[in-house]
Each structure stands twice: as structure tokens, then as C-alpha cells.
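Any read-out appearing in this document is the output of simple, stated calculations on the displayed coordinates, not a laboratory observation. Predicted model, so just to flag it, every value in this text is computed and none were measured. Note: ideal-geometry Cβ built from the backbone for every residue, glycine included; neighbour counts use all protein chains shown.
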């Protein structure tokens, strides 16, 4: 924990305290994904599951130093996709070249491919970017999602 600034350590502690549902100074290891996302990281579910399994934390509680250690592991990993990468990926689905794709197509991709999300997660995260026709302007959507 020596490399982490006091400000970041305080942010991590605030996050940890929010997920500490019992006040026992522990959090469920299964909450790691949400915890890491709330402090600005966006690891894929499979990577979180691997860390939990490799650390023998399945179904267990973690303490704050363990959370900080896991945070540091994920912080050191390279970003999977930058804004430019995502923009290019969405352009491949933009057949009309107008900066938007079908919301139905996006929902289908996001709920069945790769690190799939649930319909509820899609509704919470991406529905606000759909227009009245059900299309999504992907540039503002990418910026909004990456900003958290």
C-alpha cells in the first residue's frame, strides 16, 4: 500500500465502507467488481472471477488491505480499450456512417457477447443514450460510459 497516495487511500476506504454492509470491516469478495468500478477501474468479469478463485476468496469476506492489494493488481493492468479503439469498433456497425447504431443491435451485442451484461444493466447504463427512434449516437455514449 506504500505506493498509494493518501487521497487515493481515503477514496478506497470510502468505497470499502460503502460495501461493508455489516460494519464488520469486511466486504463480500463477490462485490469486488462493483467496488473496483466505483473507484474508476473497469475490469472484465472473468478477470475478477480469476482473482477471486486464485486467491481462494470464493464466498468469503475480504478486509481492507486485501481490497487495496487487489485494487493495485488491477490498476497495474493495461486498459483493454481506449476511446479511439471503441470509436473504431462502433464505426464498423455504423452502416450509414451517421454516427449512430441501432439500440436493438447494441443491446443484443452487449447482452450476449464477451463480458455480457444483463438487460437491467443495459437499461441503467445505455438506454439514456437512445433517441426516440431507438438509435444510439455512439460517440457521446462511449464518452459517458468511460466517464463512469
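Looking for something surrounded by fewer than 13 Cβ atoms within 10 Å (Cβ to Cβ), part of a helix (DSSP H, G or I) and out of contact with any strand residue (DSSP E or B) (no Cβ under 9 Å at 6 or more places or on another chain) - is there at least one such residue anywhere in segment 129-138? Taking every residue of segment 129-138 in turn, none turns out to be surrounded by fewer than 13 Cβ atoms within 10 Å (Cβ to Cβ), part of a helix (DSSP H, G or I) and out of contact with any strand residue (DSSP E or B) (no Cβ under 9 Å at 6 or more places or on another chain).
Just to be sure, is residue 106 in a helix (DSSP H, G or I), out of contact with any helix residue (DSSP H, G or I) (no Cβ under 6 Å at 6 or more places or on another chain) and surrounded by 11 or more Cβ atoms within 10 Å (Cβ to Cβ)? Give the derivation first.
Values: in a helix (DSSP H, G or I): yes; out of contact with any helix residue (DSSP H, G or I) (no Cβ under 6 Å at 6 or more places or on another chain): yes; surrounded by 11 or more Cβ atoms within 10 Å (Cβ to Cβ): yes.
Taking the combined requirement at face value, the residue satisfies it.
Checked against (1) under 17 Å from the mean Cα position of the chain (by Cα); (2) in a helix (DSSP H, G or I), residue 87 passes all but condition (1). Residue 98 fulfils the conditions (1) in contact with a helix residue (DSSP H, G or I) (Cβ under 9 Å, 6 or more places away or on another chain); (2) assigned to a loop (DSSP other than H, G, I, E, B) except for a single criterion, (1). When the residues of segment 45-68 are filtered to those that are exposed (fewer than 13 other Cβ atoms within 10 Å of the Cβ) and free of Cβ contacts under 8 Å to residues at least 60 places away in the same chain, the one that is nearest to residue 26 (Cα to Cα) is 59. With the checklist (1) more than 24 Å from residue 147 (Cβ to Cβ); (2) in contact with a strand residue (DSSP E or B) (Cβ under 8 Å, 6 or more places away or on another chain); (3) surrounded by 13 or more Cβ atoms within 10 Å (Cβ to Cβ); (4) in contact (Cβ under 8 Å) with a residue 24 or more places away in the chain in hand, flag the one item residue 20 doesn't pass. All conditions are met except number (4).
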